[in-house]
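Take a look at the structure below.
The values are calculated or read from the model by the stated rules, or taken from the named source; none is laboratory data. Nothing here was measured: the structure is a model prediction, and the numbers come from that model. Here Cβ is always computed from backbone atoms with ideal geometry, including for glycine, and neighbour counts include all displayed protein chains.
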Amino acid sequence: MRKYQLFSWVAFFYCLVVGQTLTAQDRAAAIISACKAVFTEPPIHIPSTVAVDAPLLGNGYSAAALGGKPDSLCFYLARNDFWRLQSGFNESFPAVLGKLQLSIPALKHASYRVEQSLYNATMSGKFIDGDTRLLLTTYLSATEDLLVIQLHNEGPATVEGTADLLLPQRDQFNINPPLENKFADTTAAGGQHAAVQWITRGFTHDVSINTMAAAACKMIGGTGNHFRLQQGQSATIVCALSSSFKEKDYLQQTIHKVARLTPQRLSAAYKAHTAWWSKFWHESYVDTGDSLLNKQYYLSHYIMASCSRDVHFPASIFGSWITREIPAWNGDYHLNYNYMAPYYALYSSNHLEQAAPYESPLIDFMERGKYYSRKVTGIADGVLYPVGIGPMGIESTRKNQLMEAYAHHFIESGNVEDEGLFFGQKTDAAYALVNMAPAFYYTYRKAYAQKVYPYVKAVAQFWAQYPRWENGRYVIENDAIHEGTIGDRNPILSLGLARLALQTAIDVSRFLQTDSTYRIRWDSVLTHLAPYPTQMRNDRKVFRYTETGTAWWGDNSLGIQHIFPAGQIGPGSDTDLLQTARNTIGAMQRWMDNNGSNSFFPAAVRVGYPADSIWYFLRKYSLHTYPNGFQLNNPHGIENCSTVPATINEMMCMSYQDVLRLFSVWPSHQDAAFWNLRARGAFLVSSRLANNEVSFVSVKSEQGRRLMLENPWPGQQVVVKSSRGTVRTMKGTRLIMSTQKDEILYFEKASSYQPVSGNHNGQ
């Protein structure tokens, strides 16, 4: 009888969970399908050395941005792995590959409307001038490097034109010598007016690592590169891309690929494409109850899914959409926040594949980082990173003849030490841990811990030795809170990042059961590190940017980045510290900051700033965008893809210091729901808020770690149902329990619980 009852309970539980999962997936599909990016005018900031305002396609390896007017539509083509790879100031950058130009004279005066559907990652355009009506539908396959463009004539007038695959043209080069130069490249093109057109471009002269890339295209339903469409007729253009890093015979492979394409093959490609995006969107979902915030949330994740999958070549500052050479800041991985910021929300959103490329360039640079640590600070077993690096160990800001001749001010001002451009900052390597730490704490996967531990250990070793003992505390000297404020003492961000580095190293080494002797020193420095400096502004205590040196700054959010992303203050912190943090948020008001919004909003959530204020400014922020989701008049590209998702995730599902808090900073008037957000401890969490009360909580334990849940129903008893076949009642401010690997726990308020017949071990 007991076995039967247990079977019945488990069956009931799984029906409950599966039903909720299916409902969540249906809801996710409905919400995301309603999110579209609409362009009613041709983009004007393309080609550009910074973020473009154009419709965007990508799969994390290849990318296309749509520029031009209806009569001269242009797909700007790029790849994540197409860089000029040469260590040196202004010598390394992601490069442009070419463009696919559609010339359609009849559309010279046509209207312009392009829509991007986020759910299936397709783009459609309508261009109308009287009887001339052309429909364009395009996507860049998520499962292969293939751009597919279909042209369909809906009007009675004949539409004809050409599709030309071109090497980069004059408008794609940002040549401003002596600091920005056209470097020697290797190019070739062929097949113009033939069945298959192709281009190839690369860098093989005066580089550390050779790079080559190629594209090939074919017209289906036309002749050579020409199409002529009567009403109801269609033509399809297919363009394949590859590189020398992916295939030895990359050019021939792209040519053969498009030459062999058939309608059946294209149909299969589209089915695989939509299946990949469906899987991506169903990894998690949120519903804020606000269509504007929903759209910006999912548009931000669309951009990251479109540009971040190549584990050896992460997206640069401007994502995959490199449309002009040389991009601003060399389009590199800027380590004093720009490179880190796009990833802030990916871990909590459970989009781990998009986060996976993050560590590669940081680990690849370790040998050079150890050199700088020894040479600049005398610390033999630490790492010290400059401000700019690229993939595969490349250093994009290294002192060279170009810097010595034309940018000597960097050297004279002390911003360069040895050959590295540091701007006086010692924290670039430690800053990288703001994403490695959550990647570890949110998954507790041993393979990941083993992969990043050598880096984590080296950073911790630096910060275990660089601070100096003085009057019972460790102090940080000769550091810089802001680029160039050389000689600051106890910069507040450095104090936060040093704490993050030491605590993460302690936890990862303990998890891997190694280096127990190192933990003694790490813990000692962590325990005795100087407190965060404060000051009075407008009769309120706020944080000071440094103890000695820079006191305040007119923009940026450096004064609160020890809160987020360094993660050193939050619920449960000292009450005076929390009040100082809230005072600082109120004094700074950096909601629309070009450099700091991505950390300012989540920091406000972490310290319990009023939810209605955060909500108001987040909506205002979400209105201040181009249609593609990039911030209006902000040149920094993908770094703001984390702002809305990280803020919403924190508001809904905060797991600071391993305590899970649901809707702890959320407007009381706003119903909301989320499914499968990831929390510290390797938990996947789902919940719903209706009429200012939590309806339920579901938690899946991936690693069987202890769960600490702040009671969503204060003062009420809670029924906890387990997939292991048990039911129990709990009470208290925090619900603390052990879990088993892959166990699912379902929580609901006791008064709403209706027991199923049989003995279920209730307490």
*Taking the range 548-561, which residues are more than 20 Å from the chain's Cα centre (by Cα) and part of a loop (DSSP other than H, G, I, E, B)?*
G549, T550, A551, W552, W553, G554, D555
*Looking at Q503, is it under 26 Å from Y339 (Cα atoms), part of a loop (DSSP other than H, G, I, E, B) and either assigned by TED's automatic domain parsing to the domain that holds E483 or without any contact (Cβ under 8 Å) to a residue 40 or more places away in the chain (or both)?*
no
*Under the condition of being in contact with a helix residue (DSSP H, G or I) (Cβ under 7 Å, 6 or more places away or on another chain), buried (at least 17 other Cβ atoms within 10 Å of the Cβ) and small (G, A, S), which residue from the range 543-573 is nearest to R590 (Cα to Cα)?*
S557
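Every residue, every condition in (1) part of a helix (DSSP H, G or I); (2) at pLDDT below 95; (3) over 25 Å from S687 (Cβ atoms), yes or no:
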| position | (1), (2), (3) |
| --- | --- |
| L251 | yes, no, yes |
| I255 | yes, no, yes |
| Q264 | yes, yes, yes |
| A268 | yes, no, yes |
| A272 | yes, no, yes |
| W276 | yes, no, yes |
| K279 | yes, no, no |
| L293 | yes, no, no |
*Scan the range 514-530 for residues that are in contact with a Pro (Cβ under 7 Å, 6 or more places away or on another chain) and in a helix (DSSP H, G or I) and jot them down.*
V525
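Per-residue answers, yes or no, for (1) among the hydrophobic types (A, V, I, L, M, F, W, C); (2) in contact with a helix residue (DSSP H, G or I) (Cβ under 6 Å, 6 or more places away or on another chain):
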position	(1), (2)
Y343	no, yes
L346	yes, yes
E353	no, no
P361	no, no
I379	yes, yes
*Could you pull out the residue among V694, V699, V685 that is assigned to a strand (DSSP E or B), within 22 Å of N435 (Cα to Cα) and either at pLDDT below 95 or among the aliphatic types (A, V, I, L, M) (or both)?*
V685
*asked:* Quick check on N640: is it part of a helix (DSSP H, G or I) and within 23 Å of the chain's Cα centre (by Cα)?
replied: yes
*asked:* Give me the helices (runs of 4 or more DSSP H) completely within the range 336-379, filtered to those with at least 3 residues that are in contact (Cβ under 8 Å) with a residue 24 or more places away in the chain, in contact with a Gly (Cβ under 9 Å, 6 or more places away or on another chain) and assigned by TED's automatic domain parsing to the domain that holds H562, ordered by residue number.
replied: 360-364, 366-372
*Does the range 525-537 hold any residues that are of a type in the set (S, T, Y) and in contact (Cβ under 8 Å) with a residue 40 or more places away in the chain, and which are they?*
Y532, T534
*Selected residue (criterion: surrounded by the most Cβ atoms within 10 Å (Cβ to Cβ)) from residues of the range 671-722 that are of a type in the set (V, I, T) and in contact with a Lys or Arg (Cβ under 8 Å, 6 or more places away or on another chain)*: V685
*asked:* Suppose we filter the range 122-146 for residues that are within 21 Å of A215 (Cα to Cα) and in a loop (DSSP other than H, G, I, E, B); how many remain?
replied: 5
*Hey, does the range 275-288 have a residue that's under 23 Å from S243 (Cα atoms), surrounded by fewer than 22 Cβ atoms within 10 Å (Cβ to Cβ) and free of Cβ contacts under 8 Å to residues at least 12 places away in the same chain?*
no
*Among the residues of the range 616-638, count how many are under 17 Å from I648 (Cβ atoms) and among the aliphatic types (A, V, I, L, M).*
2
*Collect the residues in the range 424-433 that are more than 14 Å from I506 (Cα to Cα) and either in contact with a helix residue (DSSP H, G or I) (Cβ under 7 Å, 6 or more places away or on another chain) or in a loop (DSSP other than H, G, I, E, B) (or both), keeping them in residue-number order.*
G424, Q425, K426, T427, A429, A430, Y431, A432
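Name the residue, out of T236, T274, T254, that is closer than 19 Å to S141 by Cα, over 30 Å from the mean Cα position of the chain (by Cα) and in the same structural domain as R201 (by TED's automatic domain parsing).
Values: T274 fails: over 30 Å from the mean Cα position of the chain (by Cα); T254 fails: over 30 Å from the mean Cα position of the chain (by Cα).
Testing whether each residue is closer than 19 Å to S141 by Cα, over 30 Å from the mean Cα position of the chain (by Cα) and in the same structural domain as R201 (by TED's automatic domain parsing) leaves just T236.
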